[in-house]
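Readers should treat all values here as calculations from the given coordinates under stated rules, not as data from a laboratory. Note that the structure is a prediction, hence the values are computed from the model and not measured. Cβ: placed from backbone, ideal geometry, glycine included. Neighbour counts: every protein chain shown.
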Amino acid sequence: MISPSPQPFAGALAALRGTWRRWALWGVLILVVAGLLATLVWLARGYEIEQVQRDLERDSADAAQALRQRLARNLQDLRGLGAPPADAAAWSNAAADALHDHREWLRLQWRDPALRLLATVDSAFFPPLPAPGSDTAAADIALACDQARKNGNAAYAPSRFVQRPSGSGGLGEEVMELCLPILHGTQLQGYVMATHTLDGMLALLPPAATRGQSVGFTELDGTRLAVQGAPRRGTRAFVARQVLDLPGAPMVLRLEGARQLPDVFPNVMTALVTGLSIALVTVLALLAGDFRQRQRAEAELAEALAFRKAMEDSLVTGLRARDLQGRITYVNPAFCAMVGYRADELIGHGAPAPYWPPERAHEYGERLALRYAGQTSAREGVESVFVHQDGTRFPVMIFEAPLLTSTGKHTGWMSAVMDITAQRRAEESSRASAERLQASARLATVGEMASLMSHELNQPLAAIASYANGSLNLLQPAAAAGDATLGDVRTALARIAEQAGRAGKVIHSVRELVRQRSTAREAVTPRALFDTVLPLVQLQACKLGATVQLDVPHALPAVWCEPTMIEQVLLNLARNGLQAMDDAPGARVLLLQARALPVTALGLGPLVEFSVADTGSGISEAVSAELFTPFFTTKAEGMGLGLSLCRTVIEQHGGALRHAPGSPRGTVFSFTLPLAR
């Protein structure tokens, strides 16, 4: 026979043990939950009892305080009756009025210092009160008055039971007398006595004190004196006591109440906690399986975050995130290195950002507002300028895209910032090389033309100068004889010789300029430069019907320049201005002006600015872009070299030739020259 293998029995036994272990755990959990629920019910019941007792204690304290305040006001009213009256009748009238206002008083009495009765008034709302029927009551009243006299303040006599007459409809009630001494300085004038009914004193309490509970007076030993109200029915009665320390007759104010039924508070709480316990056990069972998945997901998320952090730290492109209000929420190390600020200095910072140029902060703010308003393309690159913390400025290219959550909610913008300083430097170098090549080609052409012009014009100019000088020599005797006409001819010929010589100097200067040789510079006043070219300018202005205005102060300091070349620049600009006004409507005015500039104007040194302003039709944007390009001209007979050569001359003198629209119309050309040392 083959014996059965013990392995199936061992497996069944292990499974049975596992089942019992699970049931044991569930049993322990059920016992713990049941114990917690029982404890909760017991604590809730105790809490409810304590809360009811606390509320009753608070009500009793409020009732005692209200009663003390009302008795204090009554005492003040009695002091008013203690003023010396004119006679007993007047006192009785005042006492009757006081009894009408105080239903808790049964009788008011006025007695002399020997306690002899002078006047008495009974309340009209109660049957007449009989006199004290025992010597003990009279003795208590006398003792209370004696104590009041000694203390100088009111004193109460112990309460006593008063039997009403049989026809009054009642058996009797507890009353107590209040004795108030009437003092004039330190002299005793008598006593005012008020007989209180304890039921009336309980009526002084607010209605809330007797609603659903009983209120009464008891002796210190617990003997009940008066009761009002009745407690609600309940499973348990609650009692609160407050001692009324009345001078001469202390009493206890006793409040009695009952707990309301049913006990809703613990039942509702028990059901709620039971349901929450079942839900908690269910959630724990579900969370047990999800715990490992959460751990696995957290590990994967940590790895992904570490990978992203390493990738962002290795980038050379700056990353910056901003929320919808423009505050920076994230920057990577590349961006911090780019602007020179730490991450904690940038995060939370809004507009204007610390790396914005101050003079362009308004422009950047408007561009940011347009971005947030959705009026610009989301992925459109924007070129900007940032300022490093050390003050260095550098160009950047910014690409921005919306920052969206996994649900598609737009929470801000993510920006990629690239430093394009090297790119701009390479572009500038390439552009400078191209410009140098173009300038070399233009200068070669200009050099050939200058050489040809100088070669062709030198001989006619020399001949003009020779003939003019010869004519001057022939006319010298006639001019000496006093002939006015011949004197004018001599003057004209002298002008011809002067301008011919000047033309030769111009041609010589152009040749030197093309050969890049240094010309002789000297100190010349601005007024002298304008005076040299003014006759030629006025001659052309007369032909065109224009007016020339000169605004050059004589006190302007001398400038350091090559006079011939600067005079040629002024003459060329003046002629262009006169030609621009040839077809312009209205007044034709050419303004020649020079003024000194301070040191801080351009950040260089003391300069003199020369300007030529016309009232023509102005320069269009298309023409302005090509204005200084060699061989570009808008004149039918022009060659397009005038303004180009003028700019070259001014740049060789360390200045810059600029133009701007005039006011109200026309164009203003201006350049600067340094002062002579």
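Its Cα gyration tensor gives segment 89-161 an equivalent ellipsoid; the semi-axes, largest first and in whole Å, are 21, 16, 12.
On a full-extension model of 0.36 nm per residue, what is the gain between Arg327 and Leu280, subtracting their alpha-carbon distance, rounded to one decimal in nm?
Values: separation 47, 0.36 × 47 = 16.92 nm, distance 4.22 nm.
Net length gain for the segment: 12.7 nm.
Panel order for Thr39, Thr407, Thr634, Thr329, by other beta carbons found within 10 Å of each beta carbon, from fewest to most: Thr407, Thr39, Thr634, Thr329.
At a 10 Å Cβ-Cβ cut-off, how would you order Thr564, Thr195, fewest neighbours first? Kindly include the intermediate steps, with their values, before the conclusion.
Working: Thr564 18, Thr195 23.
Lowest count first: Thr564, Thr195.
When the Cα atoms of segment 67-258 are aligned to their principal axes, the ranges along those axes come out at 60, 38, 31 Å in descending order.
Expressed as a fraction of 2.2 N^0.38 Å, the rule-of-thumb size for a compact globular protein of N residues, what is the C-alpha radius of gyration of segment 520-677?
Values: Rg = 15.2 Å, N = 158, 2.2 N^0.38 = 15.1 Å.
In units of the globular-protein estimate, segment 520-677 measures up at 1.01.
Given R₀ = 25 Å, FRET efficiency for Asp551-Ala584 by Cβ-Cβ distance, to 0.05? Using R0 = 25 Å, I get an efficiency of 0.75. The calculated FRET efficiency for Ala299 paired with Thr392, based on their beta-carbon distance and R0 = 41 Å, is about 0.40. Shown for Trp356, Trp560, Trp42: other C-beta atoms within 10 Å of each C-beta, ranked fewest to most, produce the order Trp42, Trp560, Trp356.
Taking the Cα-to-Cβ direction at Ala90 and at Leu220 and moving 7 Å from each Cα, how far apart do the two end points lie in nm? Computed distance between label sites Ala90 and Leu220 equals 4.3 nm.
In terms of Cα atoms, the Rg and Dmax of segment 314-419 work out to 13.1, 42 Å.
Other residues within the sphere of radius under 12 Å centred on the Cβ of Val227, judged by their own Cβ, net out at -2 (K and R +1, D and E -1).
With a sphere of radius 14 Å drawn around the Cβ of Phe669, what net charge do the other residues whose Cβ falls strictly inside it have (Lys, Arg +1; Asp, Glu -1)? Don't jump to the answer; show the numbers that get you there.
Details: positive: Arg575, Arg647, Arg658; negative: Glu609, Asp614.
Charge balance in the 14 Å sphere: +1.
Length gained on full extension, Gln69 to Ala24, computed as 0.36 nm times the residue gap minus the Cα-Cα distance: 9.5 nm.
Kindly rank 297-303, 143-149, 322-328 from highest to lowest mean number of other beta carbons found within 10 Å of each residue. The partial results should precede the final answer.
Working: 297-303: 10.1, 143-149: 19.3, 322-328: 16.1.
My ranking of the peptides, most packed first, is 143-149, 322-328, 297-303.
Give me the number: length gained by fully extending Lys635 to Asp344, i.e. 0.36 nm times residue separation minus the C-alpha to C-alpha distance, one decimal in nm.
Details: separation 291, 0.36 × 291 = 104.76 nm, distance 6.31 nm.
So the extension gain works out to 98.5 nm.
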